[in-house]
1. If I filter segment 1-41 down to residues being part of a loop (DSSP other than H, G, I, E, B) and either within 16 Å of the ligand (Cβ to nearest atom) or free of Cβ contacts under 8 Å to residues at least 24 places away in the same chain (or both), which single residue comes out as farthest from the chain's Cα centre (by Cα)?
2. Anything in segment 3-35 that is at pLDDT 95 or above and in contact with a Leu (Cβ under 8 Å, 6 or more places away or on another chain)? List them, or say none.
3. Filter segment 61-75 for residues that are open to solvent by 20 Å² or more (accessible area, probe 1.4 Å) and assigned to a helix (DSSP H, G or I) and give the result.
4. For segment 76-111, which residues satisfy the criterion of being part of a strand (DSSP E or B) and among the aliphatic types (A, V, I, L, M)?
5. Somewhere in segment 52-63, is a residue at negative phi and away from the ligand (no atom under 13 Å from the Cβ)?
6. Looking at E29, E37, E71, E41, which is the one that is of a type in the set (D, E) and in contact with a strand residue (DSSP E or B) (Cβ under 6 Å, 6 or more places away or on another chain)?
7. Mind listing whichever residues of segment 76-88 are open to solvent by less than 60 Å² (accessible area, probe 1.4 Å) and either within 16 Å of the ligand (Cβ to nearest atom) or among the small types (G, A, S) (or both)?
8. Being out of contact with any strand residue (DSSP E or B) (no Cβ under 7 Å at 6 or more places or on another chain), open to solvent by less than 40 Å² (accessible area, probe 1.4 Å) and closer than 20 Å to F118 by Cα narrows it down to one residue among I3, I51, I17, I24; which is it?
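The values are calculated or read from the model by the stated rules, or taken from the named source; none is laboratory data. It should be emphasised that the depicted structure is a prediction, and the values quoted were computed from it without experimental measurement. Cβ atoms come from the backbone with ideal geometry, glycine included; neighbour counts cover every protein chain shown. Ligands, DNA and RNA are excluded from the accessible area calculation, which covers all protein heavy atoms including side chains. Shrake-Rupley method; radii C 1.70, N 1.55, O 1.52, S 1.80 Å.
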Amino acid sequence: MNILVTDDSKMARKMLIKTLDDCITEEHEIYQASNGEECVEVYKDKKPDLIFLDLTMPVMDGFEALKKLKEINPNVKVIIVSADIQKGSLDRVLKDGAKDFVKKPIDKDKMKIIFNKFRF
Ligand SMILES: [Mg+2]
């Protein structure tokens with residue numbers, strides 16, 4: 001199981017990774033990206049099974065990154081993680097093919113639900 005965590009905030013990535021490490025019992029590897037462009041590059045290189053994607057980031061935001069990831073692989077599993085829960089943003093990312101949308105910060109219970117839903 002390989003997971004890519006994308007967020008421009010190092011602290012946010014750290015918190016998400018901690019929650020992942022606490023929730024996942026099977027062997028897993030976690031990659032990190034700090035903007036959308038890096039996310040796409042790491043995706044091409046490592047082909048992670050699951051991607052956690054922030055929306056507001058410099059260089060390339062999460063909306064743009066999601067579109068590019070879907071072009072590369074229409075079945076890519078992207079979970080949007082954002083403090084921005086405006087309905088417009090939610091509708092947009094779900095229409096663009098995100099599998100789920102969760103509010104930051106993700107707690108352990110929520111992470112377990114997400115992980116069990118999207119692990120395969
Ligand atoms: Mg951000």
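1. So the residue we want is T25.
2. Correct list: I3, L4, V5, T6, D7, I30, Y31, Q32, A33.
3. Scanning segment 61-75 gives F63, E64, K67, K68, K70, E71, I72.
4. Matches in segment 76-111: V78, I79, I80, V81, V102.
5. Scanning segment 52-63, I find no residue that is at negative phi and away from the ligand (no atom under 13 Å from the Cβ), so the answer is no.
6. From the options E29, E37, E71, E41, the qualifying one is E29.
7. If the condition is that a residue be open to solvent by less than 60 Å² (accessible area, probe 1.4 Å) and either within 16 Å of the ligand (Cβ to nearest atom) or among the small types (G, A, S) (or both), then V78, I79, I80, V81, S82, D84, G88 are the ones that fit.
8. I24 is the lone residue from the list that is out of contact with any strand residue (DSSP E or B) (no Cβ under 7 Å at 6 or more places or on another chain), open to solvent by less than 40 Å² (accessible area, probe 1.4 Å) and closer than 20 Å to F118 by Cα.
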